[in-house]
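To keep things clear, I will list the structure first and then write my remarks on it.
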Number of protein chains: 2
Amino acid sequence: MHFEKHVFICSNDKDAPKKCCGSGHGMELVEKFKATWAAQGLDTKIRIQRAGCLDFCGKGPTMVVYPEGVFYGNVQLADVEEITESHLVNNTPVSRLQIG
Amino acid sequence: MHFEKHVFICSNDKDAPKKCCGSGHGMELVEKFKATWAAQGLDTKIRIQRAGCLDFCGKGPTMVVYPEGVFYGNVQLADVEEITESHLVNNTPVSRLQIG
């Protein structure tokens, strides 16, 4: 395992009937997670990046955390600190945001 | 776990000193994997998609397979069937391509 946690956020933005994650704030989430982790010195252990469609269109913005394979939906900028502290640092997924 | 295997291929293509994966054939790999899996009925269990930089610039095209967190570098179109058969179906990573 190269990273302790590897997070992928859908940044897809296609012209689809169901709203795409990228048309929300996927990239803003990526930037906020990165800034939060850098401030806490977590950025060498945890990596986040944009990805294509995670197959949960309509529940976006969506993200997945590996190696656990935990999916989150409707993730807001206000959720970044809770996901970081609870799940990424203390291994307790944030159940109210889980999907799949 | 929503997918038995979730594969991410770097499709980044920035103007960087070290050649970026996307400037190789990242998206061609995505298409070939998808076609290979569809032909074998694997496409509901295994998912692949483009992702941002996986942090192995210069070793591209790179990909990572979760939940194992196995990284591959210098992946060629000719490697698609071996990775599928050996790793994704039979859980034996292709050691000659592993990095990280």
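Sorted from shortest to longest, the distances between the B:Q40 label points of this copy and the other copies are 3.9 nm, with each point 7 Å from Cα along the line through the beta carbon. Taken about its Cα centre, chain B carries a charge dipole of roughly 200 debye when the Cβ of each Lys and Arg holds +1 and the Cβ of each Asp and Glu holds -1. Among B:D79, B:D43, B:D55, whose mean-square fluctuation peaks in a Gaussian network model of chain B (Cα, cutoff 10 Å)? Among B:D79, B:D43, B:D55, the largest mean-square fluctuation in the Gaussian network model of chain B belongs to B:D55. The Cα atoms of the protein assembly as shown cover 44, 38, 31 Å along the three principal axes, with the biggest extent listed first.
From the mean inverse distance of alpha carbon pairs (Kirkwood) and the Cα radius of gyration, derive Rg over Rh for the stretch A:5-99. Using Cα coordinates only, the ratio equals 0.95.
What is the mean number of Cβ atoms from other protein chains located within 10 Å of the Cβ atom of each residue in peptide A:47-53, rounded to a whole number? Each step should come with its number before you reach the end.
Working: counts 4, 1, 8, 6, 8, 10, 3.
Mean number of neighbouring Cβ atoms from other chains: 6.
Would you work out what percent of the accessible area of the protein assembly as shown, with all protein chains in place, is carbon or sulfur (probe 1.4 Å)? Could the numbers behind the result be given before it?
Details: 4320 of 9300 Å².
Ligands and nucleic acids excluded, carbon and sulfur give 46 percent.
Considering only protein heavy atoms, with the full assembly of protein chains and a 1.4 angstrom probe, order B:T84, B:T44 by accessible area, largest first. It would help to have the intermediate numbers written out before the result.
Numbers: B:T84 0, B:T44 110 Å².
From most accessible down to least: B:T44, B:T84.
Accessible area per residue of the stretch A:5-99 at 1.4 Å probe, in Å²?
Accessible area per residue, the stretch A:5-99: 45 Å².
Let me know the charge dipole size of the protein assembly as shown about its Cα centre in debye, to the nearest 20, where only the beta-carbon of Lys, Arg (+1) and Asp, Glu (-1) is charged.
Details: 22 positive and 24 negative charges, 31 e Å.
Value, rounded to 20: 140 debye.
What separates the B:E4 label point from its copies, with the point 7 Å along Cα to Cβ, is 3.2 nm, written shortest first. For the stretch A:22-99 versus the stretch B:21-92, the spacing of their alpha-carbon centroids is 23 Å.
Here B:S11 sits with roughly 30 square angstrom of accessible surface, probe radius 1.4 Å. Computed FRET efficiency, Cβ-Cβ of A:E82 and B:M27, R0 45 Å: what is it to the nearest 0.05? In this case the efficiency is close to 0.85.
The solvent-accessible area of A:L42, taken with every protein chain present and a 1.4 Å probe, is close to 20 Å².
Please tell me which of these pairs span more than 19 angstrom C-alpha to C-alpha: A:K5/A:K34; A:K5/B:K59; A:K5/B:K5? Before the final figure, lay out each step's value.
Values: A:K5/A:K34 13 Å; A:K5/B:K59 21 Å; A:K5/B:K5 16 Å.
Long pairs (Cα-Cα over 19 Å): A:K5/B:K59.
What do you get for the angle between helix A:26-39 and the principal long axis of chain A? Use alpha-carbon atoms, 0 to 90 degrees, nearest ten. Approximately 10 degrees, to the nearest 10.
Suppose only helical runs count, i.e. DSSP H with n ≥ 4. What mean residue ellipticity at 222 nm does that imply for chain B under -39500 (n - 2.57) per run, divided by all residues and rounded to the nearest 500 deg cm²/dmol? Don't jump to the answer; show the numbers that get you there.
Numbers: 1 runs with 14 residues, N = 100.
Using -39500 (n - 2.57) per qualifying helix, the result is -4500 deg cm²/dmol.
Among beta bridges identified by DSSP and lying wholly in the stretch B:5-99, the antiparallel ones come to about 60 percent.
What relative contact order, as a whole-number percentage, does chain A give when Cα pairs under 8 Å and 6 or more residues apart are counted?
On the way: 170 pairs, mean separation 31.2, N = 100.
Computed value for chain A: 31 percent relative contact order.
In the elastic network of chain B, a GNM with C-alpha springs shorter than 10 Å, the most mobile of B:Q76, B:Q49, B:Q40 is B:Q40.
The values are calculated or read from the model by the stated rules, or taken from the named source; none is laboratory data. Predicted, not measured: the structure shown is a model, and the values here were computed from it. Glycine also receives a Cβ, built like all others from the backbone with ideal geometry; neighbour counts cover every protein chain displayed. To get the accessible areas, we keep the full protein, side chains included, count just its heavy atoms, and leave off ligands, DNA and RNA. Shrake-Rupley method; radii C 1.70, N 1.55, O 1.52, S 1.80 Å.
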